[in-house]
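Working notes, beginning with the structure itself.
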Amino acid sequence: MNGSNLVCLNMGSNFQAQQTLVAGLDLLRQQCHVLAISGVHQSAAVGNARAGEDFLNVAVLISTTLTAIRLRDTVLRPVEATLGRSRSQKYSKIIAVDIDITVFADQQLKLGKRVIPDPEIACYRHIALPLSEVMPDYFHHQTQESIVDIVKRLDDDIALSG
């Protein structure tokens, strides 16, 4: 690949989360060109970890010449493993760190079970809000919404249910 791709990662942790996120960012900086980091956002655990502690989440905007699969396999998975992530425990309440590719340039990809751009951008504030801070012009082609509109919709949903 000749050109550089703009990629947004979502990194979350619910085990020693502050220290884990700082360590994860340091490791990413050693292997990637980090362009921006969102603020830290707290969220309740969802999915298989939902009975666990709250998560701290950040979005990390990087530039890379790697393909999505090489980025995942040679950078993200090793960073997760270094920080104690065990993928053999499928249904753990504690996730040392989880780093997902949420946006990979303008590409639509499938990496194993993951779809990029991550469809959960439109469903979960803990993904959408940090993304909006590092890619404020992002447009979600599946929902035909800007990231700003997605965050507003999710905020309105919280206000209505709260």
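With a/c under 1.5 counting as rounded, go ahead and sort the chain into rounded, prolate or oblate using the C-alpha gyration tensor (a ≥ b ≥ c being the square roots of the eigenvalues; past the cut-off, prolate if a/b is larger than b/c, else oblate). Oblate, since a/c reaches 1.5 and b/c is not below a/b. The simple Förster model, with R0 at 41 Å and r as the Cβ-Cβ distance, assigns residue 139 and residue 81 a FRET efficiency of 0.75.
Once both labels are positioned 7 Å from their Cα atoms along Cα-to-Cβ, the gap between residue 22 and residue 44 label points is 2.9 nm. Were the residues from residue 36 through residue 65 laid out at 0.36 nm apart, the gain over their Cα-Cα distance would be 8.7 nm. Backbone amide hydrogens, once placed in the peptide plane, bring residue 111 within less than 5 Å of 116, excluding anything fewer than 5 places away on its chain. Among 143, 102, 65, the largest mean-square fluctuation in a Gaussian network model of the chain (Cα springs under 10 Å) belongs to 143.
Bear in mind these aren't lab numbers, they're just calculated from the coordinates by the rules spelled out. Computed from a prediction, not measured in an experiment: that's the story for all the values here. Ideal geometry is used to build each Cβ from the backbone, glycine not excepted, and the neighbour counts take in all protein chains shown.
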